[in-house]
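Shown next, in structure tokens, is the structure this report addresses.
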Amino acid sequence: MIGSDQKKYPVPLNYSSKTKLVPGDILKLKILDNGQFVYKLIKPVERKHIRALLSKTDDNKYTAVTDDGKTYFLNQAAVTFFKGRPGDELYILTNDKEEAGFAAIEAVIKK
């Protein structure tokens, strides 16, 4: 996450997976007195739903490959949570207005 102060802040993979974050979403970050970061999705971007297949790269990263051959990087924690395996059918979410190389997993259909 890039803050309004132009600093980068780490978003936990589990939060990103649970909230189905996609590039362009606007988050609010509150840093508590004890140093804990509390994130909240305040303005999600318009999303499009796409059908894809789960694939694995040579360096063991999971990706989503659409029917028209586009490849999207996925949150690895989300793949683990859904117990995804290469070849499984996916339904992913991406930014509807901007082409980004990242997608969130909405559902996994086991093959």
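The values are calculated or read from the model by the stated rules, or taken from the named source; none is laboratory data. These numbers were taken from a predicted model, which means no experiment stands behind them. Cβ: placed from backbone, ideal geometry, glycine included. Neighbour counts: every protein chain shown.
Annotation: of all residues in region 96-111 being in contact with a Lys or Arg (Cβ under 7 Å, 6 or more places away or on another chain) and assigned to a strand (DSSP E or B), the one that is surrounded by the fewest Cβ atoms within 10 Å (Cβ to Cβ) is GLU106.
Please determine, by comparing only the residues of region 2-40 that are acidic (Asp, Glu) and at pLDDT 90 or above, which one is nearest to TYR91 (Cα to Cα). First the steps, then the outcome.
Filtering region 2-40 down to residues acidic (Asp, Glu) leaves 5, 25, 33.
Remaining after also requiring at pLDDT 90 or above: 25, 33.
Values: ASP25: 19, ASP33: 39 Å.
Filtering region 2-40 for residues that are acidic (Asp, Glu) and at pLDDT 90 or above, the one nearest to TYR91 (Cα to Cα) comes out as ASP25.
When region 1-22 is limited to residues that are closer than 14 Å to LEU41 by Cα and among the charged types (D, E, K, R), the one that is nearest to the chain's Cα centre (by Cα) turns out to be LYS20.
For region 16-33, the set of residues classified as crowded, with 18+ Cβ neighbours inside 10 Å and either in contact with a Phe, Trp or Tyr (Cβ under 7 Å, 6 or more places away or on another chain) or part of a loop (DSSP other than H, G, I, E, B) (or both) consists of SER17, LYS20, LEU21, VAL22, ASP25, LEU27, listed by residue number. In region 60-83, the residues that are farther than 11 Å from VAL108 by Cβ and touching a residue at least 60 places away in the same chain (Cβ under 8 Å) form Cβ pairs under 8 Å with partners that are small (Gly, Ala, Ser) and part of a helix (DSSP H, G or I), at six or more places apart or across chains, as follows: ASN75/SER16; ASN75/SER17; ALA77/SER16; ALA77/SER17. Being under 11 Å from ILE105 (Cβ atoms) and modelled with pLDDT under 95 is a condition met by no residue of region 43-59. Just so you know, in region 23-39 the residues that are within 15 Å of the chain's Cα centre (by Cα) and without any contact (Cβ under 8 Å) to a residue 24 or more places away in the chain include one that is farthest from ASN75 (Cα to Cα), and it is ILE26.
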